[in-house]
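The values are calculated or read from the model by the stated rules, or taken from the named source; none is laboratory data. All of these numbers come straight from a predicted model, not from anything done at the bench. Here Cβ is always computed from backbone atoms with ideal geometry, including for glycine, and neighbour counts include all displayed protein chains.
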Amino acid sequence: MIARMADVDFTGPEGPPKRCKVCAYVLDHLGIVGQCPECGQPFNLADPMTYTNKPPFLWWTFWMPGLLTAFAIGVALYLLLIPLMGYGWATTVAVPTAAGAILGYRVQMQWAVLVLLSLIVASGMAATLLMMSVTGGLCTLILGTLAVLPAFCGVCVGVLLRTHLKGTKFTQRLHLPMLALLPVLLALIEGRHSQMAVVTTSTVATLNAPPDRAWQSIQFYEQVKHRPPWLLYVSPSLRPLYTFGQSGHVGDRKTCIYERGRLVKEITEVVPGKRLAFKVVEQTEIENDGVRLIDGSFELTPTADGRGTVVTLTTRYEPKLAPRFAYLPAENMAVHTLHGHVLRGMKEDAEAAPAGHK
Amino acid sequence: MTVRVTARRRVVCRAVVPLPLTARQAWGQLRDFHRYAAHDHFHAGFLIEGGVPQAGARLTIEHRYGPFRTRRVGRILRWREGEGFAFSDLSIGDARRAFPHVLRMSVGPTSEATCALTIAVTGRWTAPTPRWIARLWLAWVFLQIVQKTRNGLLLFAATSQRPGAPQIRS
């Protein structure tokens, strides 16, 4: 056979097969001119207008409609539930689960693709809420991160539901609205989390400066000179522009303007060298959907040798995000990051400048 | 799906796949020989004598085993419009070595709107391995062929039943 092969003209495929324009029947090697054996449509392979090279299906048509449906229903549920019921199990867990279930139900693809699509749905929904100013930057980050796991669990539920319903005579499409209604039902049962326990978060740092220099270096978040960490910088409502007002005496007010929103703090206690406390009297568009800031304080304690100062920053806030076990670690991380940013600013000032420079 | 390796090392793999298509619709897709014959995991491409798939046409079959490529030869043994095709896949040096086999695909009607696709691989297992290893290996490779072929045709069926899809008259 090898010897004879050299004499023979072997030919590979000449591009994609030519198909009938009506029924996609493969027309190759049926003659130059003829009729489709399946539907009778005449063809002339010399005339490209009479046949098509396009495959009868396009892959994106198999996943895009399901992805858009899941995404649209998820966003619609968020827009309905967040203003009406606030944050709770329904918004944090049930909505992404429902969106994932619709995705898993509607899209028949490999698991790796489903994982990727559930990530896109979870992050896309959160990003849309941010763009529509429904949630703040930090809330969006937390909500989007928390939505990934429920979305994937929802995908599994959707796949199981589809697989099970294939074997029944029930009209499957009727299940889709039910999947979307489940978070609404859960939200109605759960109700609004109107009052949640106040959270107090403190961060401690030691400055290599005596208390009087540490006192001079006290500054609010908005006054810190170096760039905020990325976690705070992602949110426009946490990117400070400028401040005005005083903070030296009880009753003084300091107004901080951010890229989006403003915060007004009123000094409530001044013990020079020891303690500065303030309360928040106005919070406009500063993560209002996630927290209500109450007050805060700077506590200064000299170290045993008297050459250093232990600074304790405390922030009190009323959370609005539930379930607490899901949001509390993220809130703690954000507050500690903010405190760390302020303490770093104080440390740089206190350890660099001589006493009484302010 | 059945995969058998007899005591005399004869290999018989067979699967029957029901399809929601008429036999003619299924054949209309299956006759894309370069696509459907390449659903074997190791078939990288085909060269056909004269370029036209027809009974008796000789084949050069490009095989790919990971980074390694090799050529085998064969012949289209059967090509019946509307029914199916079969081709042999043999070692280029000695037709009795290196798993000589024949792959056959055929469609037959089961009702007015449905058909059954039969995929079969018959040949001789020549590697000096225990039969159970041969069976395991063949089962895996054959399953790939069956799944890829079935998925391709089911995808066509799903698409042709969607609104706005090409109207398939049967």
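Mind listing just one residue for me: the one in the stretch B:41-61 that is more than 9 Å from chain A (Cβ to nearest Cβ) and more than 23 Å from A:P56 (Cβ to Cβ) and, of those, modelled with the lowest pLDDT? Spell out how you get there, then give the answer.
Kept after step one, since they are more than 9 Å from chain A (Cβ to nearest Cβ), are these residues of the stretch B:41-61: B:41-44, B:55-57, B:61.
Adding the requirement that they be more than 23 Å from A:P56 (Cβ to Cβ) leaves B:41-42, B:44, B:55-57, B:61.
On the way: B:H41: 80, B:F42: 86, B:A44: 84, B:A55: 89, B:G56: 90, B:A57: 89, B:I61: 89.
Result: B:H41.
So how many residues does the stretch B:6-40 have that are in a loop (DSSP other than H, G, I, E, B) and within 14 Å of chain A (Cβ to nearest Cβ)? First the steps, then the outcome.
Step one: filter the stretch B:6-40 for residues in a loop (DSSP other than H, G, I, E, B), giving B:6-9, B:20-22, B:31-32, B:40.
Adding the requirement that they be within 14 Å of chain A (Cβ to nearest Cβ) leaves B:20-22, B:31-32.
Residues that pass the stated criteria total 5.
Which numbered condition trips up B:T129, out of (1) more than 17 Å from the chain's Cα centre (by Cα); (2) surrounded by 15 or more Cβ atoms within 10 Å (Cβ to Cβ); (3) of a type in the set (S, T, N, Q)?
That leaves (2) as the condition not met.
Consider A:K279 carefully, then state whether it is free of Cβ contacts under 8 Å to residues at least 24 places away in the same chain, assigned to a strand (DSSP E or B) and surrounded by 15 or more Cβ atoms within 10 Å (Cβ to Cβ). It would help to see each step written out before you state the result.
Numbers: free of Cβ contacts under 8 Å to residues at least 24 places away in the same chain: yes; assigned to a strand (DSSP E or B): yes; surrounded by 15 or more Cβ atoms within 10 Å (Cβ to Cβ): yes.
Judged against the criteria, A:K279 is a match.
Return yes when B:V3 is in contact (Cβ under 8 Å) with a residue 12 or more places away in the chain, touching a helix residue (DSSP H, G or I) at 6+ places or on another chain (Cβ under 7 Å) and within 14 Å of chain A (Cβ to nearest Cβ) and no when it is not. Steps first, answer last, please.
On the way: in contact (Cβ under 8 Å) with a residue 12 or more places away in the chain: yes; touching a helix residue (DSSP H, G or I) at 6+ places or on another chain (Cβ under 7 Å): yes; within 14 Å of chain A (Cβ to nearest Cβ): no.
Considered against the rule, which asks whether it is in contact (Cβ under 8 Å) with a residue 12 or more places away in the chain, touching a helix residue (DSSP H, G or I) at 6+ places or on another chain (Cβ under 7 Å) and within 14 Å of chain A (Cβ to nearest Cβ), B:V3 comes out as no.
Considering only the stretch B:65-96, state which residues are away from chain A (no Cβ under 12 Å) and over 20 Å from B:D32 (Cβ atoms).
Selection gives B:Y65, B:G66, B:P67, B:F68, B:R69, B:T70, B:R96.
Can you work out which of the residues in the stretch A:16-27 that are more than 8 Å from chain B (Cβ to nearest Cβ) and in a loop (DSSP other than H, G, I, E, B) is nearest to the chain's Cα centre (by Cα)?
Only one residue fits best here, namely A:P16.
From the list A:L293, A:L328, which residue is aliphatic (A, V, I, L, M), in contact (Cβ under 8 Å) with a residue 12 or more places away in the chain and out of contact with any Ser or Thr (no Cβ under 9 Å at 6 or more places or on another chain)? It would help to see each step written out before you state the result.
Numbers: A:L293 fails: out of contact with any Ser or Thr (no Cβ under 9 Å at 6 or more places or on another chain).
The unique qualifying residue is A:L328.
Of all residues in the stretch B:1-23, how many are of a type in the set (D, E, K, R) and either closer than 18 Å to B:S106 by Cβ or within 15 Å of the chain's Cα centre (by Cα) (or both)?
Taking the stretch B:1-23 first, the residues of a type in the set (D, E, K, R) are B:4, B:8-10, B:14.
Pick out the ones that are also either closer than 18 Å to B:S106 by Cβ or within 15 Å of the chain's Cα centre (by Cα) (or both) and you get B:14.
Here the count works out to 1.
Has the stretch B:106-119 got any residue that is within 10 Å of chain A (Cβ to nearest Cβ), more than 17 Å from B:Q144 (Cβ to Cβ) and either outside any strand (DSSP E or B) or aliphatic (A, V, I, L, M) (or both)?
So far as the stretch B:106-119 goes, no, none of its residues is within 10 Å of chain A (Cβ to nearest Cβ), more than 17 Å from B:Q144 (Cβ to Cβ) and either outside any strand (DSSP E or B) or aliphatic (A, V, I, L, M) (or both).
Do the conditions hold for A:R213, that is, is it at pLDDT 85 or above, among the charged types (D, E, K, R) and in contact with a helix residue (DSSP H, G or I) (Cβ under 8 Å, 6 or more places away or on another chain)?
Working: at pLDDT 85 or above: yes; among the charged types (D, E, K, R): yes; in contact with a helix residue (DSSP H, G or I) (Cβ under 8 Å, 6 or more places away or on another chain): yes.
In short, yes.
All but one of (1) farther than 28 Å from A:E287 by Cα; (2) in a helix (DSSP H, G or I); (3) in contact with a helix residue (DSSP H, G or I) (Cβ under 8 Å, 6 or more places away or on another chain) hold for A:I73; which doesn't?
(1) is the only condition that A:I73 fails.
One line per residue, one yes/no per condition, for (1) surrounded by fewer than 19 Cβ atoms within 10 Å (Cβ to Cβ); (2) touching an Asp or Glu at 6+ places or on another chain (Cβ under 9 Å); (3) modelled with pLDDT under 85:
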| position | (1), (2), (3) |
| --- | --- |
| A:Y233 | yes, no, yes |
| A:P236 | yes, yes, yes |
| A:R253 | yes, yes, no |
| A:R260 | yes, yes, yes |
| A:V271 | yes, no, no |
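If you take the residues of the stretch A:28-47 that are of a type in the set (A, V, I, L, M, F, W, C) and facing another protein chain (nearest Cβ under 9 Å), which of them is surrounded by the most Cβ atoms within 10 Å (Cβ to Cβ)?
As a first pass, look at the stretch A:28-47 and keep what is of a type in the set (A, V, I, L, M, F, W, C): A:30, A:32-33, A:36, A:39, A:43, A:45-46.
Now narrow it down to the ones that are facing another protein chain (nearest Cβ under 9 Å): A:30, A:36, A:39.
Details: A:L30: 18, A:C36: 22, A:C39: 20.
Only one residue tops the list, namely A:C36.
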